[in-house]
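Q: One structure follows; several queries about it will come next.
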Amino acid sequence: MIRSMLNLLLTGFLLGGTGAAQAELLGDAARGETLFRDCASCHQVGAGAKNRVGPQLNDIFGRKAASAGEDYRYSKGLTRMGADGLVWTFETLNAYIENPKALVSDTRMAYRGMKDETDRADLLAYLRGFSASPANIPESQPTARASEVELPPETLAIVGDKAYGEYLSSECLTCHQRSGANEGIPGVVGWPVEDFVIAMHAYKRQIRPHPVMQMMAGRLSDEEIAALAAYFAELE
Amino acid sequence: MKLNRRAFIGTGVAAAAALQAPMVWSQGRPRVVVVGGGAGGATVARYLAKDSQGQIDVTLVEPTRHYYTCFFSNLYIGGFRDIASIGHSYGKLAAEYGINVVHDWAVGVDRDAKTVTLAGGAVLPYDRLVLSPGIDFVDGSVPGWDVSAQNKMPHAYKAGSQSELLKAQIEAMPQGGRFAMIAPPNPYRCPPGPYERISMVAHLLTQVNPTAKILLVDPKEKFSKQALFEEGWARHYPGMIERIGPDFGGDKVEVRPDAMEVVIDGTVEKVDACNVIPGQKAGRICEMAGITEGNWAPVTGYTMQSRVDGNIYVLGDATAQGDMPKSGYSANSQAKVAAMAIRGELMGSSVFPAKYSNTCWSLIAPEDGVKVGAAYEPTDEKIASVSSFVSQTGEDAALRKQTYEESLGWYAGITTDMFG
């Protein structure tokens with residue numbers, strides 16, 4: 001098919017043009033096409049792709065989040081992130097596909113996540129074939145940047161001190177209501193610990209956009225993030 | 001949260017009856033008296049009562065039964081909020097948190113006897129005292145103006161009836177008339193406040209009096225979020241706002257309230273409405289307690305304790321603490337550190353390192369919101385800024401709308417954090 005040919009050409013171009021480091025992170029587009037079957041029940045990509053259950057994925061690289069068109073209704077959280085400046089890059093898509101709810105807590109994408117790093121790289125290599133130049137040429141940053149949003153197991157294994165979390169949480173409660181209200185500012189009550197920890201680290205590393213949260217998370221240690229996660233997880 | 005269900009004296013009960021009560025209850029319980037029921041005082045009272053599970057006897061002294069937040073009062077002037085939506089009562093703090101709310105003025109502090117005297121004559125003993133009185137105005141700051149002129153030229157820098165008065169005067173201006181603001185010198189409550197107010201007055205005037213003009217007389221060379229405000233004014237209110245800074249006499253201003261005149265470096269300007277925001281100092285009770293140096297009450301950033309008297313904590317606008325702006329958000333942030341430190345002293349509970357933060361949202365025009373914020377940590381000398389951010393000029397409409405919506409979420413959050 002023409003599409004596959006194009007992907008082969010692109011992959012070849014990348015392999016030839018930029019050396020081993022780029023090739024490693026791009027992955028196997030042909031294998032990605034097979035993996036995309038899981039996504040295809042909701043997402044279209046390629047010529048004539050339309051927004052269906054999920055938004056169409058042409059030109060997803062370099063696209064602002066929640067901007068596939070007026071006819072697509074996004075979750076509040078994804079809309080907020082788009083307005084805050086979240087742009088789909090290799091880095092952000094990689095994080096999103098790995099665990100959608102960790103990046104966008106209220107996403108409507110009913111997908112548990114693709115845990116295998118190679119699978120994600122292959123899938124993204126496939127999707128990059130459908131994004132227009134310059135987002136899919138290797139020298140255009142930051143789409144071709146390697147990224148690791150996975151946290152080391154020891155970070156995820158920290159057992160948070162709830163009493164400390166309760167004190168630290170008072171800083172959060174200036175904006176995020178104890179009731180879990182979700183108007184203007186999202187609710188943070190009752191999140192699974194791991195989602196909370198990953199979300200805060202994503203702000204700390206500035207993968208998630210939003211200047212206030214980047215500032216707040218930026219000065220929290222791993223232990224403090226774990227303490228907050230432990231405290232908020234138990235609130236109802 | 002319903003932590004303590006005793007039949008506490010509520011806000012509607014006569015002050016005299018309320019005053020007798022704590023003496024009876026407080027046998028054995030440590031007593032904290034909080035003066036001022038705003039972002040600092042209401043928050044510290046609520047956290048002390050909540051986190052001590054009623055083991056600390058908390059009395060909150062606040063003269064008004066209905067508290068109007070200064071934050072968002074500009075949005076009232078602009079027509080984005082009604083006055084009722086920025087008013088809050090102390091009923092929940094009394095009924096659900098067991099705080100003894102006393103509506104009276106604190107008029108004296110005896111630091112040796114550890115008592116606070118109220119205007120009604122009552123004397124409240126304390127183990128720890130928290131002063132969170134906000135601001136008062138510096139006498140003679142704007143020649144020709146004093147509090148007796150506040151009906152002709154409102155300050156509207158303590159919200160409520162003053163905000164309503166100012167809005168009514170602006171709405172009553174003749175078509176094509178002129179509104180003036182005398183902006184305050186540093187330091188003052190809410191650094192972006194005067195400029196958000198200019199934006200909101202401009203918005204109101206475009207609705208009801210589009211040929212009117214605004215004269216902003218400013219003693220400062222620079223002001224908070226200046227690039228953002230000036231960009232917004234040029235875009236939304238072209239030709240309406242004239243700012244006179246110190247290079248053109250903005251720091252040499254006198255007002256004549258009876259004649260509705262503003263005199264700028266000798267030049268007389270007739271105006272139709274005038275908002276005078278004078279220079280500011282700590283609420284007077286700090287001076288009466290003898291804990292001020294200059295206009296403000298110095299505190300240590302580790303705990304918010306007064307540097308003069310360790311039994312007294314000071315919060316919010318009244319303090320000299322370092323880098324934090326005088327804002328409701330700052331006062332709320334400081335209150336949580338103080339509540340933790342006081343519980344540690346009185347109850348032996350865990351004390352963690354102080355962390356502070358602040359964000360100030362401002363509205364420039366409908367759905368055009370901006371923000372500035374920073375995180376802070378204490379050093380031996382002061383509360384020091386450790387990181388900060390500010391909205392950028394040229395941001396797209398979706399981000400500005402979201403920033404505004406976020407500010408609405410923050411308002412709901414902080415007022416719940418203050419009043420329960």
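The values are calculated or read from the model by the stated rules, or taken from the named source; none is laboratory data. Note that the structure is predicted; figures quoted are calculated from it, not measured. Cβ atoms come from the backbone with ideal geometry, glycine included; neighbour counts cover every protein chain shown. Quick note on the areas: whole protein, heavy atoms, side chains included, nothing else; ligands and nucleic acids left out. Shrake-Rupley method; radii C 1.70, N 1.55, O 1.52, S 1.80 Å.
Q: Need one value: the accessible area of residue B:85 in square angstrom, 1.4 angstrom probe, rounded to the nearest 10.
A: Roll a 1.4 Å probe over it and residue B:85 shows about 40 Å².
Q: Turning to a different aspect of this structure: So what does log10 I(q)/I(0) come out to for the stretch B:213-268 at q = 0.12, 0.15, 0.31 Å⁻¹, using the Debye formula with one equal point on every Cα and no solvent?
A: For the requested q values the scattering log ratios are -0.33, -0.50, -1.19.
Q: I've got another one for you. Using C-alpha positions alone, give me the convex hull volume of chain B per residue in cubic angstrom. Walk me through the intermediate numbers first.
A: Working: hull volume 57.8 nm³, N = 420.
Once divided by residue count, the hull of chain B is 138 Å³.
Q: Which angle between 0 and 90 degrees, to the nearest 10, do you get for helix B:193-208 versus the longest principal axis of chain B when only C-alpha atoms count?
A: The angle comes out at about 50 degrees.
Q: Tell me whether the stretch A:153-234 comes out rounded, prolate or oblate; compute the Cα gyration tensor, take square roots of the eigenvalues as a ≥ b ≥ c, and use a/c under 1.5 as the rounded threshold. All intermediate terms of the calculation are to be shown ahead of the outcome.
A: Working: a/c = 1.57, a/b = 1.13, b/c = 1.39.
Oblate, because a/c is 1.5 or more while a/b does not exceed b/c.
Q: With a 1.4 Å probe, what is the total accessible area buried between chains A and B, in Å² rounded to the nearest 100? Numbers along the way, then the final one.
A: Numbers: alone 12320 and 16330 Å², together 26130 Å².
Accessible area lost upon association: around 2500 Å².
Q: Can you work out ³J(HN,Hα) from phi for every residue in the stretch B:358-366, in order, using Karplus 6.51 cos²θ - 1.76 cosθ + 1.60 and θ = phi - 60°, giving whole Hz and x for Gly and Pro?
A: 8, 9, 10, 8, 9, 9, 9, 7, x
Q: Hey, what does the equivalent ellipsoid look like for the stretch B:138-279, semi-axes from the Cα gyration tensor as sqrt of 5 times each eigenvalue, largest first, whole Å?
A: Numbers: eigenvalues 79, 65, 46 Å².
Value: 20, 18, 15 Å, ordered largest first.
Q: Report, largest value first, the span of the C-alpha coordinates of the stretch B:340-396 along each principal axis, in whole Å.
A: Principal-axis extents of the Cα atoms in the stretch B:340-396, largest first: 50, 23, 15 Å.
Q: Gaussian network model of chain B, Cα springs within a sub-10 Å range: biggest mean-square fluctuation belongs to which of B:230, B:242, B:287?
A: With Cα springs under 10 Å in chain B, the top fluctuation among B:230, B:242, B:287 is at B:242.
Q: Using the Cα gyration tensor of the protein assembly as shown, with a ≥ b ≥ c the square roots of its eigenvalues, what is the shape: rounded (a/c below 1.5), prolate (a/b larger than b/c) or oblate (neither)?
A: oblate
Q: Considering every residue in B:402-412, what mean count of other chain Cβ atoms within 10 Å of its Cβ is obtained?
A: Values: counts 8, 5, 1, 6, 10, 3, 3, 10, 6, 3, 7.
Across the residues of B:402-412, the mean count of other-chain Cβ atoms within 10 Å is 6.
Q: Round to a whole number: what % of the accessible area of the stretch A:153-234 belongs to carbon and sulfur, probe 1.4 Å?
A: Details: 1780 of 3260 Å².
Using a 1.4 Å probe with all protein chains present, the stretch A:153-234 comes out at 55 percent carbon and sulfur.
Q: Report the Cα centroid-to-centroid distance between the stretch A:177-235 and the stretch B:284-348 in angstrom, as an integer.
A: 28 Å
Q: Specify which residue in the list B:206, B:278, B:175 is farthest towards the positive end of the charge dipole of the stretch B:138-279, using unit charges on the beta carbon of Lys, Arg (+1) and Asp, Glu (-1), about the Cα centre.
A: B:206
Q: Of all the accessible heavy-atom surface of the stretch B:138-279, with the other protein chains kept in place and a 1.4 Å probe, what percent is carbon and sulfur?
A: Working: 2880 of 5740 Å².
After summing per-atom areas, the C and S share lands at 50 percent.
Q: For the stretch B:256-327, what does the relative contact order come out to in percent, with C-alpha contacts under 8 Å and a separation of six or more? Working shown, then result.
A: Numbers: 80 pairs, mean separation 13.9, N = 72.
Normalised by residue count, the contact order of the stretch B:256-327 is 19 percent.
Q: May I ask you to evaluate 6.51 cos²θ - 1.76 cosθ + 1.60, the Karplus curve with θ = phi - 60°, for each residue of the stretch B:82-95 and list the ³J(HN,Hα) values in order in whole Hz, giving x for glycine and proline?
A: Each residue's phi maps through the Karplus curve to give 8, 5, 4, 6, 10, x, 9, 10, 9, x, 5, 4, 6, 7 Hz.
Q: Sticking with this structure for a sec: So what J values fall out for the stretch B:98-115 if you push phi through Karplus, 6.51 cos²θ - 1.76 cosθ + 1.60 with θ = phi - 60°, rounded to Hz, Gly and Pro as x?
A: Taking θ as phi minus 60°, the curve returns x, 7, 7, 8, 10, 8, 7, 9, 7, 10, x, 10, 9, 6, 6, 7, 6, 9 Hz for the stretch B:98-115.
Q: Just the accessible area per residue of the protein assembly as shown, please: how many Å² with a 1.4 Å probe? Please list the in-between numbers first.
A: Values: 26130 Å² over 656 residues.
That works out to 40 Å² per residue.
Q: Select from B:197, B:307, B:243 the residue whose mean-square fluctuation is largest in a Gaussian network model of chain B (Cα-Cα springs shorter than 10 Å).
A: Evaluated over chain B, the most mobile residue of the options is B:243.
Q: Something else: What is the sum of charges around residue A:84, taking Lys and Arg as +1, Asp and Glu as -1, for the other residues whose C-beta is under 13 Å from the C-beta of residue A:84? Can you show the working numbers first?
A: Numbers: positive: A:64, A:76, A:80, A:208, B:371, B:400, B:401; negative: B:395, B:396, B:405, B:406.
That works out to +3.
Q: How far, in degrees from 0 to 90, does helix B:161-171 lean away from the longest principal axis of the Cα atoms of chain B, to the nearest 10?
A: The angle comes out near 10 degrees.
Q: If you don't mind, another one. Out of B:117, B:267, B:300, any idea which swings most in a Gaussian network model of chain B, alpha carbons joined below 10 Å?
A: B:267
Q: Amide H to amide H, which residues 5 or more places from residue B:60 or on other chains are under 5 Å from it, using H placed in the peptide plane?
A: So residue B:60 has HN proximity to B:34, B:100, B:101, B:102.
Q: While we're looking at this one, here's another question. Using the alpha-carbon atoms, what tilt in degrees (0 to 90, nearest 10) does helix B:328-347 show relative to the longest principal axis of chain B?
A: 10 degrees
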